[in-house]
Amino acid sequence: MKKAAAIHEIVESVALVPDLVLRSLYIQQCSRLLQINEQALISEMNKVLRRQYRKKLGGDQALPEEHLAPEIAQPQPTLEEVGTAPQERDLLRMLLSYGHQRIKVPFEEEDGTKVEEETSVAELMFELLALDDILFDEPIFREMYLDYRHSTNLGQAVEGTRYVTHEQEHWRSTAIDLLTERHVLSPNWKDRHKIHVKRESEVLYDALEEAVDILKERRVDRMIKERQEELRSADELGVMALLQEIMHLSEVKKRLAKKTGRVIVG
């Protein structure tokens, strides 16, 4: 379904509102905004509430919809891990391993002509992250990334080995850890942690673009969860503003998921 991802996020969000009357009002308003049949949203809402009820009881029995009292149906949300450390680590590993390597980046001219431009892995990474003003959250990863970027901008040739002999011990240990990873990641790591597992040395442009998109997707996930938490204490006007923001973020998430190949359950 075209709007399945947006419907899923909205219903999960409205389910966080404890008041039954307000939930009904928000479902009506979301129905108009999304141009989706109100009964379809109500049905999805009841699925969420029943799931939350079963989780609360620790049982498998589904409670009949007509018996789902508001005081019982209040969802008990559990925040999933929304940190981006695994994705940041993956990008820093790529930077230290391949940052100095030259690659050709395809792009399209205004007249539709397709051309290639040569750049380095590091320069392309800086550009892709700067497009959305992204810096790493993990302090050690951010410090090393900014140092690499600053040195490159000064015209210095930087390689990963620079950090292996760095004066700061935690920089040295991090660099050694990243540059000497011996374990081969299984394919399910991409689904579980959104970590890129292709042979990057052979397809560096595709590998880097995908790794950045996965980081962005994970950050959008986190923003959606943060807005959903804000719903719990927002007033009526605030709820509608948050719901509209969640709808926008859900569309961004859907576009990123399409690029990374991740399946979103609607």
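The values are calculated or read from the model by the stated rules, or taken from the named source; none is laboratory data. None of these values were measured; they are calculated from a predicted model. Here Cβ is always computed from backbone atoms with ideal geometry, including for glycine, and neighbour counts include all displayed protein chains.
Numbers for the structure displayed
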item: All positions within segment 1-17 that are charged (D, E, K, R), within 16 Å of residue 246 (Cβ to Cβ) and modelled with pLDDT under 75; result: 3, 9
item: Within segment 18-54, tally of residues that are modelled with pLDDT of 75 or more and not in a helix (DSSP H, G or I); result: 1
item: Odd one out for residue 137, checked against (1) in contact with a His (Cβ under 9 Å, 6 or more places away or on another chain); (2) surrounded by 11 or more Cβ atoms within 10 Å (Cβ to Cβ); result: (1)
item: Hits in segment 103-120 - residues which are in contact with an Asp or Glu (Cβ under 9 Å, 6 or more places away or on another chain) and surrounded by fewer than 11 Cβ atoms within 10 Å (Cβ to Cβ); result: 106, 107, 114, 115
item: Index of the failed condition, residue 150 passing every other in (1) in contact (Cβ under 8 Å) with a residue 12 or more places away in the chain; (2) loosely packed, with under 15 Cβ neighbours inside 10 Å; result: (1)
item: Pairs where the first residue, in segment 109-130, is free of Cβ contacts under 8 Å to residues at least 24 places away in the same chain and the second is aliphatic (A, V, I, L, M), C-beta under 6 Å, 6+ apart; result: 117/105; 119/105
item: Number of the condition not met by residue 112 [criteria: (1) part of a helix (DSSP H, G or I); (2) at pLDDT below 90; (3) of a type in the set (Gly, Ala, Ser)]; result: (1)
item: Wholly within segment 174-262, helices (runs of 4 or more DSSP H) carrying at least 2 residues that are modelled with pLDDT of 90 or more and assigned by TED's automatic domain parsing to the domain that holds residue 160; result: 204-230
item: Residues located in segment 55-99, provided they are at pLDDT 50 or above, buried (at least 18 other Cβ atoms within 10 Å of the Cβ) and assigned to a loop (DSSP other than H, G, I, E, B); result: 84, 99
item: Unique match (being more than 14 Å from residue 95 (Cα to Cα) and modelled with pLDDT of 90 or more) among 138, 143; result: 138
